[in-house]
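First up is the structure itself, then whatever we jot down about it.
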Amino acid sequence: MIDKAVILAGGLGTRLKGLLGEIPKPMAPINKLPFLHYLLNYLYNQGVKEVFLCVGFQHEVIIRYFGDHFRDIKIFYTIEKELLGTGGAIMPVLEKWREPFFLLNGDTFFEANLASFSEAFSKLHSVASLSLKPVFNQDRYGAVQLEGDRITSFTEKKFLSSGLINAGVSILTPEIFEGKILGDVFSYEKDLFEKKASTHFLHGFVQDEYFIDIGIPEDYEKAQREIPMRFFTQTLSTKFLFLDRDGVINKHLPGDYVKNIEQFEFLTGVLEAIVKFNQFFSRIVIVTNQQGIGKNLYSEKDLNEVHQFMTTRIKEAGGTIDAIYFCPSLEKENPICRKPNVGMGLQAQRDFPEIDFKQSVMIGDSMSDMQFGRNLGMFTIWISSDEEKEFNPDLIDLRMDGLKEVANLLQ
């Protein structure tokens, strides 16, 4: 499979400027994470190993956020210091790569199956192939004419009762750039795709998958719910939910510990959320670091009373917690049971052998929770409403305000 991708991430976001200000369009926040974060997570899940980000406007923001990698993806940059068009921006990539690569727009998300796309392309004698999406009753995009698997022409934007559009994920070979040199200003859509359509060396691959373009305010607002929901509901083949406690189920006490029932206060919407989670997950367990015991601030008996109170209230609301695991040891001791170490997860798996971590979700409010989830191969959701709080993008799949908001993603 092709394992390299280029993302055009230099857009000015003119139509979203009123919403984004000076934020580059690919970094537009989608539920508190940049749009580009979701694109790279999608590429990671599809098996892509290397990505070139073609950046320009406010490129420092993008480079500062991602650095030289995202999860296991190596990231390289081309910095467009003057506008070179969508084609000219790609030319520096060809100095490093001489094999086919995926090309994605930095403001559209199309859930193409890249393995299928790559396999189909490998059987063709083609300089490029476009992923195409069937659409109905739209006038925002030009149409693509297809005969068999060959693209014959492109039509201008007009009302389309039914047809195919370019979904913004393509496979390009260096050969399609023949005759172009570094520094040329050109559009790959107009100057390459439309011209190559007449040569029969441009192919289309139809996939009727989810598609959204955040380039206009209406669709940007729609993406705030739809994209997180797409990523989360893809995990619903998962069956197991791991929850941190303090800051997720109950209010966190800054600089202190919940030592008794009087200090335990459920966060808003948590009871209803757990009831809803029970409809989707076959097991729900809590994993919580409790070094206050190791500091002799409260006892295991005190903790058990708090947990008895908590589970009783959850049961009265109609929910169930299958097990609670805690680590009483001090952080400096770094025991296997203390998150981000995986001891509590492994204990849960021993108690419930059906647990598969690749079919599990971890929800927590700290980076140690997220690292715990990553260490075991789980889907991770970070609970944080603090816009300024620092975090490691590699560790997070979704960012939500609380369990109530996570539950709202479930249909």
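If you go through the stretch 232-272, how many residues are within 23 Å of I355 (Cα to Cα), surrounded by fewer than 19 Cβ atoms within 10 Å (Cβ to Cβ) and in contact with a helix residue (DSSP H, G or I) (Cβ under 7 Å, 6 or more places away or on another chain)?
3
Quick one: V48 ticks every box in (1) part of a loop (DSSP other than H, G, I, E, B); (2) farther than 21 Å from I212 by Cβ; (3) aliphatic (A, V, I, L, M) bar one, so which box is it?
Just one mismatch for V48, condition (2).
I need a count of the residues in the stretch 185-241 that are at pLDDT 90 or above and either in a strand (DSSP E or B) or more than 26 Å from the chain's Cα centre (by Cα) (or both).
Summing the residues that are at pLDDT 90 or above and either in a strand (DSSP E or B) or more than 26 Å from the chain's Cα centre (by Cα) (or both) in the stretch 185-241 gives 19.
Does G18 meet the test of being modelled with pLDDT under 95, in the same structural domain as I216 (by TED's automatic domain parsing), of a type in the set (G, A, S) and not in a loop (DSSP other than H, G, I, E, B)? I'd like the intermediate steps shown before the answer.
Values: modelled with pLDDT under 95: yes; in the same structural domain as I216 (by TED's automatic domain parsing): yes; of a type in the set (G, A, S): yes; not in a loop (DSSP other than H, G, I, E, B): yes.
Criteria met by G18.
Would you confirm whether any residue within the stretch 176-184 is without any contact (Cβ under 8 Å) to a residue 40 or more places away in the chain and more than 24 Å from I30 (Cα to Cα)?
Looking for residues that are without any contact (Cβ under 8 Å) to a residue 40 or more places away in the chain and more than 24 Å from I30 (Cα to Cα), one finds at least one in the stretch 176-184, hence yes.
Can you tell me how many residues in the stretch 280-311 are more than 17 Å from E333 (Cα to Cα) and assigned to a helix (DSSP H, G or I)?
So the answer is 13.
Of the residues that sit in the stretch 138-161 and are assigned to a strand (DSSP E or B) and not polar (S, T, N, Q), which one is surrounded by the most Cβ atoms within 10 Å (Cβ to Cβ)? Even if it seems obvious, please write down each step before you answer.
Restricting attention to the stretch 138-161, the residues satisfying the condition of being assigned to a strand (DSSP E or B) are 138, 144-147, 150-154, 160-161.
Adding the requirement that they be not polar (S, T, N, Q) leaves 144, 146-147, 150-151, 154, 160.
Values: V144: 23, L146: 18, E147: 10, R150: 16, I151: 27, F154: 18, L160: 18.
Only one residue fits best here, namely I151.
Taking the stretch 293-306, which residues are at negative phi, surrounded by fewer than 18 Cβ atoms within 10 Å (Cβ to Cβ), without any contact (Cβ under 8 Å) to a residue 40 or more places away in the chain and not hydroxyl-bearing (S, T, Y)?
G294, K295, E300, K301, N304
Across the stretch 129-143, what is the total count of residues that are at pLDDT 95 or above, of a type outside the set (S, T, Y) and under 21 Å from Y188 (Cα atoms)?
Selection size over the stretch 129-143: 3.
Under 7 Å by Cβ, and 6 or more places apart or on different chains, what pairs join a residue from the stretch 151-168 that is among the acidic types (D, E) with one that is surrounded by 12 or more Cβ atoms within 10 Å (Cβ to Cβ)?
So the pair list comes out as E156/G142.
Going by the conditions given, is A112 closer than 30 Å to Q371 by Cα, among the aliphatic types (A, V, I, L, M), modelled with pLDDT of 95 or more and in the same structural domain as E221 (by TED's automatic domain parsing)?
On the way: closer than 30 Å to Q371 by Cα: yes; among the aliphatic types (A, V, I, L, M): yes; modelled with pLDDT of 95 or more: yes; in the same structural domain as E221 (by TED's automatic domain parsing): yes.
Yes; evaluated as a whole, the condition is true for this residue.
Only one residue in F117, F102 is under 22 Å from L39 (Cα atoms), in a strand (DSSP E or B) and modelled with pLDDT of 95 or more, so which one is that? It would help to see each step written out before you state the result.
Working: F117 fails: in a strand (DSSP E or B).
Every option except F102 fails the conditions.
Looking at M362, M370, can you tell me which residue is crowded, with 20+ Cβ neighbours inside 10 Å, assigned to a helix (DSSP H, G or I) and of a type in the set (A, V, I, L, M)?
On the way: M362 fails: assigned to a helix (DSSP H, G or I).
Result: M370 is the single residue among M362, M370 that is crowded, with 20+ Cβ neighbours inside 10 Å, assigned to a helix (DSSP H, G or I) and of a type in the set (A, V, I, L, M).
Looking at (1) polar (S, T, N, Q); (2) at positive phi; (3) in contact (Cβ under 8 Å) with a residue 60 or more places away in the chain, can you tell me which one N137 breaks?
Here N137 clears every test but (3).
Determine if the stretch 56-79 includes at least one residue that is crowded, with 21+ Cβ neighbours inside 10 Å and in contact with a Cys (Cβ under 8 Å, 6 or more places away or on another chain).
Looking through the stretch 56-79, at least one residue is crowded, with 21+ Cβ neighbours inside 10 Å and in contact with a Cys (Cβ under 8 Å, 6 or more places away or on another chain).
Residues are listed down the side, and each one gets a yes or a no for (1) within 16 Å of D397 (Cβ to Cβ); (2) in contact with a Leu (Cβ under 8 Å, 6 or more places away or on another chain):
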{"site": "N31", "(1), (2)": "yes, yes"}
{"site": "H37", "(1), (2)": "yes, no"}
{"site": "L40", "(1), (2)": "yes, no"}
{"site": "F52", "(1), (2)": "no, no"}
{"site": "V55", "(1), (2)": "no, no"}
{"site": "E60", "(1), (2)": "no, no"}
{"site": "G67", "(1), (2)": "no, no"}
{"site": "K74", "(1), (2)": "no, no"}
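Scan the stretch 312-343 for residues that are free of Cβ contacts under 8 Å to residues at least 40 places away in the same chain and in a helix (DSSP H, G or I) and jot them down.
T312, K315, E316, K332, E333, G343 - these are the residues of the stretch 312-343 that are free of Cβ contacts under 8 Å to residues at least 40 places away in the same chain and in a helix (DSSP H, G or I).
Restricting to the stretch 74-132, give me the number of residues that are without any contact (Cβ under 8 Å) to a residue 12 or more places away in the chain and of a type in the set (K, R). Let's see the steps before the verdict.
Taking the stretch 74-132 first, the residues without any contact (Cβ under 8 Å) to a residue 12 or more places away in the chain are 82, 122-123.
Still in the running and of a type in the set (K, R): 123.
Total meeting the criteria: 1.
The values are calculated or read from the model by the stated rules, or taken from the named source; none is laboratory data. Source: prediction; values computed, not measured. Cβ coordinates were reconstructed from backbone atoms using ideal geometry, including for glycine residues, and neighbour counts include every protein chain displayed.
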